[in-house]
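Shown next, in structure tokens, is the structure this report addresses.
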Amino acid sequence: MADFVARRPFWSLLIAIAITLLLWLVFAVWTPGMEASFGRKRVFLSALFNGITLGALYFLVASGFTLIFGLMRNVNLAHGSLYLFGGYVGYSVGNLTDSWLIALVVAFLAAALVGILMQVLLFRWMEGQDLRQTLVTIGLSIIFADLLLWSYGGDTFQVTTPDWLSGPVQLPFVVALRSNGEAVMMTYPFVRIAILAGAILLGVLMWLALNRTRIGMLVRAGVDDRDMLAATGVRVQLIFILIFAFGAGLAGLAGVVGGTFQSLQPGEDTKILLSSLVVVIVGGMGSIPGAAMGALIVGLAEQFGSVYMPTYAVMLTFLIMVAVLAIRPQGLAARR
Amino acid sequence: MRKALLAAVAASTLVMAAGAANAQDKLKIGVMATLSGALTSGGEDGVRGVQIAAKQAGNKIAGREIEIITVATDASPDSALRAARKLVEQDKVQLIIGPLSGSEGIAMRDYSKTVPNLVMINGSSGALETTYVNPSPNFFRFNSDGAQWMAGLGEYVFKDKGYKKISVIAEDYSFPYTQVFGFALGYCKAGGQIAQRQWVPLGTKDFGSVIANIPDDVDAVFLGLGGGDAVNFLNQYGQTGGKAKFIGGSIMADQTVLSSRGAAKRLLVGTPTSSGVADAWDDPKWQAWVKTYQEAFPADKRFASPSLFATNYYNAFNALAIAMGKINGDLSDGGAKLRAELARTELDAPNGKVKLDENRQAIATTFITEVAELPNGDLTNKFIKTVPNVSQTMGLSAEAFKAVGLPSRTNPECKP
């Protein structure tokens, strides 16, 4: 942090000003003039929070994607299918057991198992052949999509929100003043806040695991130089399987999360794949902080876009990607 | 050995060819329905409607065995075009029932003009333009359009419900445009105000910002959503703890949503809506249709009662069967006789009598209803009243209707 400020005083100042401005916008009571030019404060706040929680969902998916890429140089284009698969499994399990948490765990395990099978049965045999691996993952994603359509049909499913997560909560932000001067507080769905908290917790745990544990050390070494790591006698194949399982499991888990606060249906797989591709390109391939940053940016861009320029909302995300590719092609947080 | 093998291959080829010849004797009917995307549940019910009608007809039309070929679309015009091309070019189908969704209908109007011998009977699509702007001589619609389905609702919510000012949330394509158009015609004339219109893409997942954008000072929110979008919206609206009153579009408060899983649909109880069907209408013909529908499929494979889609597809098949019966199934003239016959076919349908106008567009009954909860927990549309013989011009003269313009995001304006 201090290092960044010392190297880039100008950019640091700009970022600091932007953050202060944002905080002021969040906490201040908006004057009628501001409401006239920016729209109502509730809309702004809701877009902000929705963007952040959507970013949390994207982070869950993209972190697994970026880990797999960083370690194995494998662009897993079937990652979206794992998301949808996990979501459907979570939906079925949730219906059977009436427990959201069990659904989460089972979806994680099921998707992880599929991930292990993919690594052991397919990718092991074509290591280092990037193009072939990518094509195989495209093929897999098509097969998965058809299998899922076959077994679940084209209907929209929603994972039932558990009672302890549903309903609104009041946030300590004033969105408007009533005519008698009484402040109207912002209400927000509790489930989205829980998802955000969960994603942050997971991000911190992943960062700790990567930077403070032995396995994390091995993974980081593998990202930097896979051959050297293997030469020192580490069983890289095991680490590959582990990471693939974890990344796939995260996608499955995200499927349940996405199915809870949005919904599941065919086509969701490619949509989420596209989003996570943009996320990792913006954030930098193979970097967890990059995935977090990219997910936040893409989530916010989608939500603010849909509020303030609905017709061009889809384009905004890609404009950001193009801008990042033009200015900083390696991604915002990547080292190389 | 080799010769035997070759002979076997030749024989089986012959058998297959014979099979193909047999199949050609059957009358092929293509059915297009939205079996993926946001309107899936409606598409599935439409297919059920056709299946029931075909079963009632003994799987025969004009004495010929029929073969039904179902193709899936996803509510987008290009998916409908692909599906129709597949039916016409690959399956050699001359009769098509479909499509289901508004913009698909407009695409099919144009496509059917390019295939002169095709006869297309609309499934359930309800955009105004489909039969109003440059109508196709091959395209017949035995259901009302989205505006006709709204006839009388605007006056009803203004006068009886007292909703003086509303906002609109609807999907951004032709059918919801038409619905809001039809609603606004009556509502604004009665004196109502539309404070805001929010148009969301079909298949929207995240309604958070849209919900936050609903103005505080409106009496009710008109919802022109359908299928998965409707369920998504209600779920997310419930999560924010909102308390607004709703007015339902024709496929918002219909069985595709009222039969969905989860508790969110309960938000709709008390919502006034209007459509081409009313779940709890006590007319004997309607009750008989409900009973037929319920007996045809097990309870978990259908809705509590037939949706608008099932009824429209059922009617479309019956219209085709009646007209084909009159001309003894003679399609040798490229369908000219069938087209002439269809144009004068009058249908005594479960949801009231239907006849066609000169654009081959239905003049039919509209039902104003209100969502209510049955003792067993199912939701139903309680019958309020009918608006009989609604024509496409909504009771206006042709010129006056033309002067209003076509449905769009902003038309008709609704200024006090």
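Read the figures in this text as sums done on the coordinates, not as results from a lab. Keep in mind that this is a model prediction, so the values were computed, not measured. Cβ placement follows ideal geometry from the backbone for every residue including glycine, while neighbour counts extend to all protein chains displayed.
Key figures
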item: Pairs of Cα atoms farther than 43 Å apart, the protein assembly as shown, %; result: 35 percent
item: Residues with amide H under 5 Å from that of B:Ala33, placed H, sequence gap 5 or more; result: B:Val71, B:Thr73
item: Kyte-Doolittle mean at least -1.0, axial Cα span of 30 Å or more - DSSP H helices of chain A; result: A:41-72, A:100-121, A:130-152, A:190-212, A:236-261
item: Chain B - share of DSSP beta bridges that are antiparallel (%, nearest 5); result: 40 percent
item: Reduced Cα scattering model of segment A:1-73, Debye log10 I(q)/I(0), q = 0.12, 0.13, 0.17, 0.24 Å⁻¹; result: -0.60, -0.67, -0.90, -0.99
item: Folded to 0 to 90 degrees: helix B:308-326 orientation relative to chain B principal axis, Cα; result: 40 degrees
item: Unit Cα scatterers, Debye sum, chain A: log10 I(q)/I(0) for q = 0.13 Å⁻¹; result: -1.04
item: Nearest-ten-degree value, helix B:102-114 long axis tilted from longest Cα axis of chain B; result: 40 degrees
item: Set of lysines with alpha-carbon distance to A:Lys271 below 28 Å, sequence-local pairs under 8 removed; result: B:Lys86, B:Lys205, B:Lys265
item: All Cα pairs of segment A:140-299, percent lying beyond 21 Å; result: 62 percent
item: Values of log10 I(q)/I(0), in the order q = 0.11, 0.22, 0.24 Å⁻¹, for segment A:238-330 under a Debye, Cα-only, solvent-free model; result: -0.37, -1.24, -1.32
item: Beta bridges per DSSP with both ends in the protein assembly as shown, % antiparallel, nearest 5; result: 45 percent
item: Partner aspartates and glutamates for B:Lys291 [C-alpha distance under 14 Å; skip if fewer than 8 residues away on the same chain]; result: B:Asp279, B:Asp282, B:Asp283
item: Longest to shortest principal axis, alpha-carbon extents of segment B:299-379, angstrom; result: 54, 28, 16
item: Zone residues, segment B:167-201, relative to B:Leu406, backbone N less than 14 Å from point 7 Å out along Cα-to-Cβ; result: B:173-175, B:177-178
item: Nearest-ten-degree value, helix B:174-190 long axis tilted from longest Cα axis of chain B; result: 40 degrees
item: 222 nm mean residue ellipticity, helices alone, for the protein assembly as shown (DSSP H n ≥ 4; -39,500 (n - 2.57); rounded to 500); result: -17500 deg cm²/dmol
item: 5 Å-binned pair-distance histogram of segment A:137-195 (Cα, whole percent); result: 4, 14, 12, 11, 9, 11, 12, 8, 7, 6, 4, 3, 0
item: Segment B:294-315 versus segment A:122-171: alpha-carbon centroid distance in Å; result: 31 Å
item: Unsatisfied cross-links (Cα-Cα over 24 Å) in the set B:Lys92/B:Lys353; B:Lys243/B:Lys382; B:Lys26/B:Lys285; B:Lys165/B:Lys243; B:Lys245/B:Lys355; B:Lys189/B:Lys355; result: B:Lys92/B:Lys353; B:Lys26/B:Lys285; B:Lys245/B:Lys355; B:Lys189/B:Lys355
item: Cβ-placed point charges (K, R +1; D, E -1), dipole of segment A:14-157 about Cα centre in debye, nearest 20; result: 320 debye
item: Neighbouring partner chain Cβ atoms per residue of A:249-261, average, 10 Å criterion; result: 1
item: Span from the segment A:223-242 Cα centroid across to the segment B:134-188 one, whole angstrom; result: 64 Å
item: Mean-position separation - Cα centroids, segment A:255-310 and segment B:196-229, in angstrom; result: 22 Å
item: Local net charge near B:Arg360, Cβ-Cβ under 9 Å (Lys/Arg +1, Asp/Glu -1); result: 0
item: For segment B:202-284, Kirkwood radius (reciprocal of mean inverse C-alpha pair distance, Å); result: 13.3 Å
item: Under-5 Å amide H pairs with A:Leu171, H placed in peptide plane, nonlocal only; result: A:Met186, A:Thr187, A:Tyr188
item: At 1.002 mPa s and 20 °C, Stokes diffusion of segment B:262-326 via Kirkwood alpha-carbon radius, µm² per second; result: 155 µm²/s
item: Set of aspartates and glutamates with alpha-carbon distance to B:Lys326 below 18 Å, sequence-local pairs under 8 removed; result: B:Glu65, B:Glu341, B:Glu346, B:Asp348
item: Gyration tensor over alpha-carbon atoms, chain B, equivalent ellipsoid semi-axes in Å; result: 39, 23, 20
item: Dipole in debye (nearest 20) - the protein assembly as shown, about Cα centre, beta carbon charges: Lys, Arg +1; Asp, Glu -1; result: 920 debye
